[in-house]
Amino acid sequence: MLGDARYHAVTSRRRSLDQLTSVEQAHWRWGVLAEKAALATTLATRINRLATDSEDIKRVDPVPLDAITVVSEQLRKPTSRPQTA
């Protein structure tokens, strides 16, 4: 991972997509995505807390992660449709 960050990023994303597509039911896949997005939001919050005390750590924008969580939570229900404003 330290030697070739791009290779690690590509293989990690590929592994994650393979795991996601191995889930049989579409609404279950949305559930897995919702859980991953919620974990990512938690991690972003932790990173942002550290970033307030360090100039070396860049803040992470949690808005896209929150949006993925909301949409995937809506779509994980077999009969639901995303709500619009």
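Bear in mind these aren't lab numbers, they're just calculated from the coordinates by the rules spelled out. Worth saying up front: this structure is predicted, and the values here are computed from it rather than measured. All Cβ positions, even for glycine, are placed from backbone atoms using ideal geometry, and neighbour counts span all protein chains on display.
Projecting the Cα atoms of T42, T21, I68 onto the charge dipole of the chain (Cβ charges, centred on the Cα centre) puts T21 farthest toward the positive pole. When shorter helices are ignored and each DSSP H run of at least 4 residues is given -39500 (n - 2.57), the per-residue value for the chain at 222 nm works out to -22500 deg cm²/dmol. Evaluate the relative contact order of the chain (contact order divided by residue number), counting alpha-carbon pairs under 8 angstrom at least 6 apart; express in whole percent. It rounds to 29 percent for the chain.
Shown for the chain is the translational diffusion coefficient from the Stokes-Einstein equation, using the Kirkwood radius over Cα pairs, a temperature of 4 °C and a viscosity of 1.567 mPa s: 88 µm²/s. Please list, in order, the residues from region 3-44 whose amide nitrogen is less than 17 Å from a point placed 7 Å along the Cα→Cβ vector of A67. In region 3-44, the label zone of A67 (backbone N under 17 Å from the point 7 Å along Cα→Cβ) covers 34, 37-38, 40-41.
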